[in-house]
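I have placed the structure first, in the form of structure tokens, so that the comments after it can refer back to it.
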Amino acid sequence: MDSLLESLEALLDELADSNYEVEYHSGVLTLYLGEKGTYVINKQPPNKQIWLSSPFSGPKRYDYSETDDDWLYSRDSQALGDLLNKELTRALGQPVDLELKGPASQLQ
């Protein structure tokens, strides 16, 4: 989660929009995008899951896949990082790459 937080902070610093903010407390990361909505990303260590609430795609639960070394949504096998990159690119009107590829443990 620290890696995701750092990537989002860097992105918001670059955008310099006072309506956008990211916070991280007690395993819950909240990304405020003003009128575009709010993301909530929540670690669930006992279940080895990450829960996402997206203003665009709704709620999803991501399971860690050792085979892929990534967090995947079981219904469509999409990686959490890929979904965030796609949705944030659309919401912010510029290419976004949070660089969540590689060891998924960086989100644990």
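The values are calculated or read from the model by the stated rules, or taken from the named source; none is laboratory data. Since the model is a prediction, treat every value here as computed from it, not as a measurement. Reconstructed Cβ throughout: ideal geometry from the backbone, glycine too, with neighbour counts over all protein chains shown. Each accessible area value is taken on the protein alone, full model and side chains, heavy atoms only, with ligands, DNA and RNA left out. Shrake-Rupley method; radii C 1.70, N 1.55, O 1.52, S 1.80 Å.
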Looking for whichever is outside any loop (DSSP other than H, G, I, E, B) and open to solvent by less than 70 Å² (accessible area, probe 1.4 Å) here; the options are Leu100, Leu88. Which one fits? Leu88
Can you tell me which condition Val96 does not meet? The list is (1) in contact with a strand residue (DSSP E or B) (Cβ under 7 Å, 6 or more places away or on another chain); (2) modelled with pLDDT of 95 or more, and all the others hold. (1)
Please pick out the residue among Leu92, Leu52 that is of a type in the set (A, V, I, L, M) and out of contact with any Pro (no Cβ under 8 Å at 6 or more places or on another chain). Leu92
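If we scan segment 34-51, do we find a residue that is closer than 20 Å to Asp97 by Cβ, loosely packed, with under 15 Cβ neighbours inside 10 Å and hydrophobic (A, V, I, L, M, F, W, C)?
no
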Which of the numbered conditions does Met1 fail, given that it passes all the others? Conditions: (1) modelled with pLDDT under 95; (2) under 12 Å from the mean Cα position of the chain (by Cα); (3) open to solvent by 30 Å² or more (accessible area, probe 1.4 Å). (3)
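Results for (1) loosely packed, with under 12 Cβ neighbours inside 10 Å; (2) under 12 Å from the mean Cα position of the chain (by Cα); (3) free of Cβ contacts under 8 Å to residues at least 60 places away in the same chain, shown as yes or no for each residue.
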{"position": "Lys60", "(1), (2), (3)": "no, yes, yes"}
{"position": "Tyr64", "(1), (2), (3)": "no, no, yes"}
{"position": "Asp76", "(1), (2), (3)": "yes, no, yes"}
{"position": "Gly93", "(1), (2), (3)": "yes, no, yes"}
{"position": "Val96", "(1), (2), (3)": "no, yes, no"}
Single residue of segment 63-93 satisfying the filter (modelled with pLDDT under 95 and of a type in the set (Phe, Trp, Tyr)) that is farthest from Glu14 (Cα to Cα): Tyr64
Positions within segment 16-33 being loosely packed, with under 14 Cβ neighbours inside 10 Å and more than 18 Å from Trp71 (Cβ to Cβ), in sequence order: Ala16, Asp17, Ser18, Asn19, Glu23, His25, Ser26
